[in-house]
Each structure stands twice: as structure tokens, then as C-alpha cells.
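> Before anything else, here's the structure in question.
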Amino acid sequence: MVSPRKSLAALGGFALAAGAAAAAGHLGGAAARPAACVPTKVLRTNPPLWTRGARVPAGTPFVVGSGSRVAGFLFVPPHVSNPGRNPHNKILWVIGRPRRADSLSIVARHGSPRATVRVVRKPDSSSGAIYPSTIDFPYAGCWAVSLRWGSDSATLMLRVTATVRSWSQVGG
């Protein structure tokens, strides 16, 4: 027979887990509060050695995704929301292996208001491991970016500003 104390502890543990799941939006309850934006750190150091073949100009800021090896070199500081106008958020994606015939799928998601931006880049650039892209972010704020090429994938977070002021706005 299970003691009342153990039953209560088990019930409390379940309630805590259910509460955490509901807060995360898994049980169909109230929508979860968006997490604070913690953008992937923008680096201004020497890039990883595996990006050398891309011949990116020295000093170009970049981010490194988590998951498979990918670096995004940021050519227009900082990223700016520019709905419906000329997208000018130029990012050169460099992957850590030859890309073969794999296209790069970029999916960027914004939490509030909900928005998704999709870009597909074909493997048509001269180097065997780069994908140039421009992304039109319709809103300022935090964007979760998922990248997929072949069987590889990586993720990162980008902070997008409403106006251009300085690199300090994009984190890092």
C-alpha cells in the first residue's frame, strides 16, 4: 500500500510537470509568455578555420549556429525589419562540409506577432560551401532561425531592429 505522503508527493510532482508543460504551451492551455530574446553572439574575432574557403573579408562580423557546422557572415549591420521593401539583410552562410547538390532551407520564426519567413538558396555559388542570402524580416524583435541542408541542420537566434543605429543593437 502506498502511503498518503508518497501519493501526495507523486501528485505534486505531476502537477509541477503539468504546470511546466502548460507554461510551455504543450497542453493547449493559456499561451506561454515569450522568452527573453537571447541572440546568438555576434563575433568579431577570427572566424573558424573551416570557413577559410569562403574568403570573407577580415573583420566581417559573424554568428555560429548550434548543431551542424554553419557560420553566418553579417554584411549589413545590424539586421533591420524592412517589410515589403528591398530586403537588405545580407548573410553569407558558410557550411562546414562540401554542399554537394543540397539547397539551403532557411526558416525564421518570430513569436509575437507570429510570423514565418522562408528562403531557399540553391547551391549555385562558386565556392563549394557557401550560400549567399538576403532575408526580409517583417518585424523587429527576436527571430529563431533554422537552417537545413541535406541531412544537416543548425539553429540560431537573431535580434532584428526597427532602425539602423549600431552593431550593439544585435547582441554580442
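The values are calculated or read from the model by the stated rules, or taken from the named source; none is laboratory data. Given the structure is predicted, the values throughout are model-derived calculations rather than measurements. Counting neighbours? That spans all protein chains shown, and the Cβs are built from the backbone with ideal geometry, glycine included. All accessible areas refer to the heavy atoms of the entire protein, side chains included, with ligands and DNA or RNA removed. Shrake-Rupley method; radii C 1.70, N 1.55, O 1.52, S 1.80 Å.
> When residues of the stretch 132-154 are filtered for being among the β-branched types (Val, Ile, Thr) and either at pLDDT below 70 or surrounded by 16 or more Cβ atoms within 10 Å (Cβ to Cβ) (or both), how many remain?
Filtering the stretch 132-154 down to residues among the β-branched types (Val, Ile, Thr) leaves 134-135, 145.
So of that shortlist, the ones also either at pLDDT below 70 or surrounded by 16 or more Cβ atoms within 10 Å (Cβ to Cβ) (or both) come out as 135, 145.
The qualifying residues number 2.
> Among what's in the stretch 47-106 and is assigned to a loop (DSSP other than H, G, I, E, B) and small (Gly, Ala, Ser), pick the residue that is most open to solvent (accessible area, probe 1.4 Å). Talk me through it step by step, then tell me what you get.
The first filter runs over the stretch 47-106 and keeps only residues assigned to a loop (DSSP other than H, G, I, E, B), leaving 47-48, 55-61, 65, 68-69, 75-79, 82-88, 96-103.
Remaining after also requiring small (Gly, Ala, Ser): 58-59, 65, 68, 84, 96, 101, 103.
Numbers: 58: 107, 59: 64, 65: 13, 68: 30, 84: 78, 96: 21, 101: 85, 103: 49 Å².
Top of the filtered list is 58.
> Further question on the same structure: Output the number of residues of the stretch 116-131 satisfying the condition of being touching a Lys or Arg at 6+ places or on another chain (Cβ under 7 Å) and surrounded by 15 or more Cβ atoms within 10 Å (Cβ to Cβ). Explain how you work it out, then say what you get.
First pass over the stretch 116-131, keeping only residues touching a Lys or Arg at 6+ places or on another chain (Cβ under 7 Å): 116, 123, 128-129, 131.
Those left that are additionally surrounded by 15 or more Cβ atoms within 10 Å (Cβ to Cβ): 123, 129, 131.
The total comes to 3.
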